[in-house]
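Note sheet for the following structure.
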Amino acid sequence: MATPSRTRTRRSNTTKPPTATTVLLVRHGQTPTTGRALPGRAKGLDLADAGRAQAEQAAERIAELEQVAAVYTSPLERARQTAAPIGAALTLRPNVQRGLNECDFGEWTGCELKKLYKQPEWQTVQKAPSTFRFPGGESFSDMQHRIVTTIDELRHAHPGQTIVCVSHADPIKAVIAHAVGTHLDLFQRIVVSPCSISVISWSSGGPVVLAVNSTGRALTELRPS
């Protein structure tokens, strides 16, 4: 009678662990102010023609994946306009998630970057962002907590599936830094270009970063080593 008991125990130990959840973090496409100003959460900023072409290309790349369960997007126009062709390619309606929003730059919203570079606070933004709060706006630490919490909620809602989250450069960089265990003060070393795709896979063992700032490689080739 002991043998069947050992057999049952052996079978129970071979249960497969839950499949990983994969999150594609897509930065919105290029706008008329990209690289020139800090638009923040100001409304009315649409994609430039180049940005719309970038969004279409990103949609084509993502559509190569076998299955995507959902598309989520920041509420800002430039993000929603990037999410639209992705959703169309996947026959999924993008869902707006406020937690994917851009950092609130407060009084710096809309300022030209060349003027901000001259501000003494700019060195803090670059070298010690964890200590900085934008005047009248959000701190980098609060932004990171917001975006990481949002991604956690979304990935838990889609266990074992793949989802797309369209957001902005700084929030995406903050998620990547958190995933690799890098201090927020070093997150400015991460580059996230317009319409680039960064990919993080979460399993019971934690996150694995599969791609950062990908703009051309086939997404079907990305997998844990």
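The values are calculated or read from the model by the stated rules, or taken from the named source; none is laboratory data. Since the structure is predicted, the reported quantities are computational estimates derived from the model, not experimental observations. Here Cβ is always computed from backbone atoms with ideal geometry, including for glycine, and neighbour counts include all displayed protein chains.
Would you please name the residue that is nearest to the chain's Cα centre (by Cα), looking only at residues in region 103-147 that are of a type in the set (F, W, Y) and closer than 18 Å to K173 by Cβ?
Step one: filter region 103-147 for residues of a type in the set (F, W, Y), giving 105, 108, 117, 122, 132, 134, 140.
From what's left, closer than 18 Å to K173 by Cβ: 105, 108, 122, 132, 134, 140.
Details: F105: 19, W108: 23, W122: 24, F132: 22, F134: 21, F140: 15 Å.
Among residues in region 103-147 that are of a type in the set (F, W, Y) and closer than 18 Å to K173 by Cβ, the one nearest to the chain's Cα centre (by Cα) is F140.
Scan T14, T22 and give me the residue that is more than 26 Å from W108 (Cβ to Cβ), modelled with pLDDT of 95 or more and polar (S, T, N, Q).
Sole residue among the options that is more than 26 Å from W108 (Cβ to Cβ), modelled with pLDDT of 95 or more and polar (S, T, N, Q): T22.
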Would a scan of region 63-77 turn up a residue that is within 16 Å of the chain's Cα centre (by Cα) and without any contact (Cβ under 8 Å) to a residue 60 or more places away in the chain? yes
Kindly provide the set of residues from region 169-198 that are crowded, with 19+ Cβ neighbours inside 10 Å, of a type in the set (S, T, Y) and assigned to a loop (DSSP other than H, G, I, E, B), ordered by number. S196
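Taking the condition exposed (fewer than 15 other Cβ atoms within 10 Å of the Cβ), farther than 16 Å from P39 by Cα and touching a Gly at 6+ places or on another chain (Cβ under 7 Å), does R93 pass? Break it down into steps so the answer makes sense when it comes.
On the way: exposed (fewer than 15 other Cβ atoms within 10 Å of the Cβ): yes; farther than 16 Å from P39 by Cα: yes; touching a Gly at 6+ places or on another chain (Cβ under 7 Å): yes.
Answer is yes for this residue.
Does at least one position in region 149-157 carry a residue that is under 26 Å from V68 (Cβ atoms) and small (G, A, S)? Lay out the reasoning, then the answer.
Kept after step one, since they are under 26 Å from V68 (Cβ atoms), are these residues of region 149-157: 149-157.
Subsequent filtering for residues that are small (G, A, S) retains 157.
Yes, that holds for at least one residue.
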Expected output for region 19-47 (first residue on the phi > 0 side of the Ramachandran plot, partner of a type outside the set (G, A, S) and exposed (fewer than 15 other Cβ atoms within 10 Å of the Cβ), Cβ below 9 Å, 6+ apart or cross-chain) is G35/L113
Conditions (1) farther than 20 Å from G29 by Cα; (2) touching a helix residue (DSSP H, G or I) at 6+ places or on another chain (Cβ under 8 Å); (3) not aliphatic (A, V, I, L, M) -> G205 fails only (2)
Single condition E66 does not satisfy, out of (1) modelled with pLDDT under 95; (2) surrounded by 13 or more Cβ atoms within 10 Å (Cβ to Cβ): (2)
Specify which of the listed residues (R8, R52, R27, R78) is more than 12 Å from V166 (Cβ to Cβ), modelled with pLDDT of 95 or more and either of a type in the set (D, E, K, R) or in contact with a helix residue (DSSP H, G or I) (Cβ under 8 Å, 6 or more places away or on another chain) (or both). R52
Only unsatisfied item for S201, checking (1) of a type in the set (S, T, N, Q); (2) under 24 Å from A63 (Cβ atoms); (3) assigned to a loop (DSSP other than H, G, I, E, B), is (3)
Is one or more of the residues making up region 133-144 crowded, with 20+ Cβ neighbours inside 10 Å and in contact with a strand residue (DSSP E or B) (Cβ under 7 Å, 6 or more places away or on another chain)? no
